[in-house]
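The values are calculated or read from the model by the stated rules, or taken from the named source; none is laboratory data. Since the model is a prediction, treat every value here as computed from it, not as a measurement. Here the Cβ positions follow ideal geometry from the backbone for every residue, glycine too, while neighbour counts run over all protein chains shown.
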Amino acid sequence: MRIAVVDDEKNSRQELIRLIREIAPQSEVYEAGNGVQAMQLLEKKTFDFLFIDIRLGDMEGTTVASLARRLMPNAKIIFATAYSEYAVTAFELQANDYILKPYDPARIRQILSQVSSRFPELEELRIAISSNQRHTLLLDLNEITYIESHGSGKRCIIHTLSGDEYSDNTALGVYEERLRSRRFYRIHKTCLVHLKYVQDIFPWSGSDFALRVRGSAAELPIGRDRLKGLRANLHI
């Protein structure tokens, strides 16, 4: 999925990009800081979503939206504004939706999820955790920071942002296959981490490395054969 963010306010633009990447990490996000840059971008790329500030520094966002509508009739155009009275204008110009500043993450997710059938990466995903045959818990993937094997390797401990831990009768290899496309990466034979929550990577023992995830002080060792792949997935 390809998304354009057009806004002349740098902080506002970067905040929206950050939210989009958290919600849809597999998407391609492009940005433009004014109307001229936006026009140039539209001539080079096609987009599935365009988030356009109604008031740009050098022109009206509606002008950019009109060009986008002609070039990409199937694209979803969402106006961004700090003023709710612009909502009527947005719909008169056949925009698909509008968002108000400051941005509400739930609102961004709602907009992007309207076409989740076309983009499976936007679908809400939970996993079922079964510690026994009588109790099953549905846990949101965004709550999970890492999963580690336990005992003989046929069970796992699931760690969350809140600090809660859950035992599950599933092998780590099964989770690795299920969550590979959801930004989970196996850093060791005993541990699978959620890449979005990796906080730091540091020398650990000898020439080895370890990492920490958000919300936990645990030092998670990285297998020597996994370090290069980890860095590649984190773009470092």
For this session: Could you check, for the stretch 109-125, whether at least one of its residues is under 20 Å from LYS196 (Cα atoms), at pLDDT below 90, surrounded by fewer than 15 Cβ atoms within 10 Å (Cβ to Cβ) and in contact with a helix residue (DSSP H, G or I) (Cβ under 7 Å, 6 or more places away or on another chain)?
Result: yes
Problem set entry | Boolean, ILE20 is in contact with a strand residue (DSSP E or B) (Cβ under 6 Å, 6 or more places away or on another chain), buried (at least 16 other Cβ atoms within 10 Å of the Cβ) and assigned to a helix (DSSP H, G or I) | yes
Seminar exercise, completed: If we keep only residues of the stretch 175-215 that are surrounded by fewer than 17 Cβ atoms within 10 Å (Cβ to Cβ) and either hydroxyl-bearing (Ser, Thr, Tyr) or not assigned by TED's automatic domain parsing to the domain that holds LEU230 (or both), then the residue modelled with the highest pLDDT is THR190
Exercise. Mind checking whether some residue in the stretch 52-65 is under 24 Å from the mean Cα position of the chain (by Cα) and modelled with pLDDT under 85?
Worked result: no
For this session: Consider only pairs whose beta carbons are under 6 Å apart and that are at least six residues apart or on different chains; among these, list those whose first residue lies in the stretch 44-70 and is in contact (Cβ under 8 Å) with a residue 24 or more places away in the chain and whose second residue is of a type in the set (Lys, Arg) and in a helix (DSSP H, G or I).
Result: none
Problem set entry | In the stretch 141-187, residue nearest to the chain's Cα centre (by Cα) [restricted to those that are of a type in the set (D, E, K, R) and assigned to a strand (DSSP E or B)] | ARG186
Exercise. Can ASP7 be described as touching a Phe, Trp or Tyr at 6+ places or on another chain (Cβ under 8 Å), closer than 21 Å to SER113 by Cα, at pLDDT 90 or above and of a type outside the set (A, V, I, L, M)?
Worked result: no
Exercise. Do we have any residue at all in the stretch 153-168 that's loosely packed, with under 12 Cβ neighbours inside 10 Å, hydroxyl-bearing (Ser, Thr, Tyr) and either farther than 24 Å from ILE23 by Cβ or assigned by TED's automatic domain parsing to the domain that holds ILE222 (or both)?
Worked result: yes
Exercise. Got at least one residue in the stretch 158-169 being within 14 Å of LEU220 (Cβ to Cβ) and in contact with a Cys (Cβ under 9 Å, 6 or more places away or on another chain)?
Worked result: no
For this session: Give me the pairs, please: first residue somewhere in the stretch 1-24 and within 15 Å of ILE52 (Cα to Cα), second residue anywhere and among the hydroxyl-bearing types (Ser, Thr, Tyr) and at pLDDT 95 or above, beta-carbon distance under 7 Å, and either six or more positions apart or on two chains.
Result: ALA4/TYR30
